[in-house]
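Structure first, commentary second.
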Amino acid sequence: MNLYCVTLNGPAPWGFRLQGGKDFSMPLTVSRLTPGGKAAQAGVGVGDWVVSICDANAEDMTHVEAQNKIRAATVSLTLTLTRYSFWPSLICCGCQSSNLPCFIPNDRSKKRLIEDTEDWRPRTGTTQSRSFRILAQLTGTDFMQDPDDENMKRTREKFLAEIQSPRYARLRDWHHERSARALNIKS
């Protein structure tokens, strides 16, 4: 177990997404990182467990409580996280002897962890978890994809070129003339 602390300077966005919580019988875990975001730059990793949020023990937090605690941080956000290099270390991680908050899995969470990790593999910060894929299938949005940086850049360049074109200028001028005439008629 590798315990580490990061302080992200505000304001939000902090550049990460959480999954789990007491209400899911799962530890709060970083499920996604924004490439180049504050969390990624600070060395936070996908799969790291959140031990505390702004010095508040995250072990007994529900997902919503954790979100609210993070949203309440406006100037800076301090997170204590654990990065496990080997799964069996979950059983005896030594947190209790050092008086640090620690998630100790119960039978329900162990079973769910085993079920959810049967198809586990390291993911990049941009791939969807199985639960999100299932949700996407249920809602009919599974065909949708997050825009990648290259497509966003091309779209922005196309937009900027379009608004600088003579065609756009003619349309803008025509619209302004029509609007001005409409205002004069009403006066």
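If R0 is 30 Å, what FRET efficiency do you get for Tyr4 and Leu135 from their C-beta distance, rounded to 0.05? With a Förster radius of 30 Å, E is 0.45. Working from label points 7 Å from Cα in the Cα-to-Cβ sense, the Arg181 to Asp60 distance is 7.2 nm. Remark: the range 68-76, residue by residue, has Karplus-estimated 3J(HN,Hα) of 5, 5, 5, 5, 5, 7, 10, 7, 7 Hz, where x stands for each Gly or Pro and the curve is 6.51 cos²θ - 1.76 cosθ + 1.60 at θ = phi - 60°. Spin-label model, Leu160 to Gln19: label points 7 Å out along the Cα-to-beta-carbon direction sit 3.6 nm apart. Toward the positive end of the charge dipole of the range 1-74, with +1 on the Cβ of Lys and Arg and -1 on the Cβ of Asp and Glu, the farthest Cα among Leu28, Leu3, Val46 is that of Val46.
The simple Förster model, with R0 at 30 Å and r as the Cβ-Cβ distance, assigns Arg83 and Met152 a FRET efficiency of 0.50. Taking all protein chains together, Ser131, Ser76, Ser52 sort by accessible area into Ser131, Ser76, Ser52, largest first [probe 1.4 Å].
Annotation: amide H-H contacts under 5 Å for Arg32 (H modelled 1.01 Å from N, sequence separation of 5 or more, or interchain): Arg17.
The values are calculated or read from the model by the stated rules, or taken from the named source; none is laboratory data. Owing to the predicted nature of the structure, the values given are computational and were not obtained by experimental measurement. Because the Cβ atoms are built from the backbone with ideal geometry, glycine has one as well, and the counts that use them run over all protein chains shown. Surface accessibility is based on the protein's heavy atoms, side chains included, excluding ligands, DNA and RNA. Shrake-Rupley method; radii C 1.70, N 1.55, O 1.52, S 1.80 Å.
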